[in-house]
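The values are calculated or read from the model by the stated rules, or taken from the named source; none is laboratory data. Only a predicted model underlies this, so the values are computations on that prediction, with no experimental measurement involved. Reconstructed Cβ throughout: ideal geometry from the backbone, glycine too, with neighbour counts over all protein chains shown. Protein only, heavy atoms only, side chains kept; ligands, DNA and RNA dropped before computing areas. Shrake-Rupley method; radii C 1.70, N 1.55, O 1.52, S 1.80 Å.
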Amino acid sequence: MEKNTTRSIVRELIQPFIDLTKTPQALTGVNASYVIEGITYFGVVGLLAIYFNQYVRLNDMQADWMVSIQTAGITLTQLLLGATVDWIGVRRTMLISLTTMLGGRILLAAGPALTGTSGMYSSAFWVAMVGIFGIIIGYGMYMPACYTAVRKYTTEKTSAMGYAMLYALMNLGGFLPGLISPPVRRGFGITGVFWVYTALTVVGMAAVAVLITKRASKEAEEKAGWAAGKSKDAKDDMAAMSWVEKLRYTLAHFPLKDLRFLFFIFILIPVQTLFAHNWLTLPQYTSRAFTGFVKNNFEFFVNFNPILIFILTPMVAALTSRKHPYTMMILGTTVMALSPFVLTSGPTVSALFLYLIVNTLGEAMWQPRFLQWVAEIAPKNMTGIYMGIGQFPWFLTKALTGLYAGWFLIQYCPAEQAPAAMNTEFMWLIYGLIAVISPIGLILTRKWMLKGFKTKHGT
């Protein structure tokens with residue numbers, strides 16, 4: 001009996017990976033681009049607040065506001081530009097978005113050398129803001145395009161692992177700045193690091209251009225069942241519609257009409273604040289409240305979450321692929337929301353590692369399933385805009401967290417104070433109390449939320 005159970009668990013763990021080995025070329029192109037973009041995105045955002053401190057001479061609150069403009073702006077533009085991929089296709093959308101982000105990153109890297117003033121509304125400030133704006137516009141198209149591609153290039157059998165692997169690969173890229181950044185930063189400063197990420201953006205563009213060809217995309221869609229005559233949906237392909245028909249179709253299937261869908265995505269805001277603290281709080285916390293190795297290599301700890309996500313997400317997806325997405329979201333948000341309470345014991349290396357592990361395990365349990373759920377319930381040709389609307393509360397999360405995160409740092413983890421005199425324990429207690437609102441809300445509204453909603457897992 002125990003032997004059969006063990007074999008069953010091993011089979012459950014291995015089979016999704018076997019299924020994913022048949023990944024088509026086009027999906028390989030998306031994955032390659034995504035892992036490179038993970039390096040550049042996490043690498044830049046992890047240093048952005050300190051960049052504004054050092055080069056633009058902004059205080060903690062002002063620097064966090066600037067970071068929030070980028071992170072919240074990315075989510076807002078997904079709402080506005082998510083339909084782009086539905087209208088012009090995956091390949092064109094990804095190339096346009098990466099070109100726009102390339103321009104923005106060039107301005108961030110070159111800005112301090114081009115400007116002679118510093119401070120709020122200085123020339124250095126405005127050059128940086130134009131650069132951030134380019135990144136915002138690019139990401140508004142890029143993220144919906146990638147998840148639309150996964151939906152089109154995977155089958156019902158491989159979709160769960162496809163979303164999990166995409167999420168994991170970006171986080172693998174997100175871990176690498178912890179290895180790349182410290183030596184480059186010590187030798188050439190933060191702008192030197194930004195130039196490295198600018199070059200990697202070009203590499204990502206090349207991956208898209210070479211691997212996601214029209215032929216490769218067509219073959220992947222046919223294999224997944226999107227070919228003419230055997231579509232996953234009876235609706236006509238939007239590519240054959242006129243622009244007026246496209247607009248009518250989009251308005252007819254707009255997701256804001258469903259109150260339960262709106263409640264579902266908004267109740268996640270409290271737990272999502274913990275994501276925002278990865279770049280609004282964790283860099284300053286690890287570089288101020290600690291000494292020695294942690295302080296000198298804080299990027300490693302800031303980017304430790306992504307490598308854990310890379311390891312845990314596919315494993316969790318394989319073991320829980322038959323679990324209903326909503327169940328996994330309740331369990332995952334609960335685990336993640338409990339993680340800040342670990343740091344209420346004080347800034348110790350053991351507590352820091354435990355926080356990162358618990359936080360990441362919870363994230364691996366629910367975040368990919370949320371993305372899968374939103375993509376699955378979207379009508380054909382509407383995945384991009386559904387992903388955009390689904391991310392709108394994420395915009396509010398980033399904006400709201402940015403308003404108070406800097407204040408908490410000034411009060412409880414200020415740069416000019418010795419670690420022993422700080423009160424970071426209270427700061428993390430408040431953040432934990434905020435986060436637990438999400439799983440409580442999901443549990444209390446479970447019956448209402450699931451009524452009428454059907455995915456490949458049923459209700």
Query raised in the report: Using the per-residue mean of other Cβ atoms lying within 10 Å as a proxy for protection, in what order, highest first, do the peptides 324-335, 166-177, 352-363 fall?
Result: 166-177, 324-335, 352-363
Query raised in the report: Based on the Cβ-Cβ distance from F263 to A420, what FRET efficiency comes out when R0 is 56 Å, to the nearest 0.05?
Result: 0.80
Report task. Just need the Rg to Rh number for segment 79-199, please, alpha carbons only, Kirkwood Rh. Result -> 1.07
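Give the calculated FRET efficiency between F353 and N59 to the nearest 0.05, with a Förster radius of 30 Å applied to their Cβ-Cβ distance.
So, using R0 = 30 Å, E works out to roughly 0.50.
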Query raised in the report: How long, wide and thick is segment 259-305, going by the Cα atoms along their three principal axes, in whole angstroms, largest first?
Result: 50, 16, 10
**Report entry** Listed peptides 418-427, 202-211 by packing density, highest first (mean Cβ within 10 Å)
**Finding:** 202-211, 418-427
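Kirkwood Rh over alpha-carbon pairs of segment 38-148, then Stokes-Einstein at 25 °C and 0.890 mPa s: what D in µm² s⁻¹, rounded to an integer?
Taking Rh from Cα pairs, D becomes 173 µm²/s.
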Query raised in the report: Once a ≥ b ≥ c are taken as the square roots of the eigenvalues of the Cα gyration tensor of segment 298-413, is the result rounded (a/c under 1.5), prolate (a/b larger than b/c) or oblate (a/b not larger than b/c)?
Result: oblate
Report task. Roll a 1.4 angstrom probe over the protein heavy atoms and tell me the percent of accessible area of segment 18-159 that is carbon or sulfur. Result -> 65
Requested in this report: Provide the gained length on full extension for the span L80 to L396, in nm with one decimal, where the gain is 0.36 nm per separating residue minus the Cα-Cα distance.
Outcome: 112.3 nm
Report summary line: In whole percent, the Cα-Cα distances of segment 72-137 spread across 5 Å bins from 0 upward as 4, 18, 21, 20, 15, 10, 7, 4, 1
**Report entry** Peptides 277-289, 34-46, 188-200 ordered by average Cβ neighbours within 10 Å, highest first
**Finding:** 34-46, 277-289, 188-200
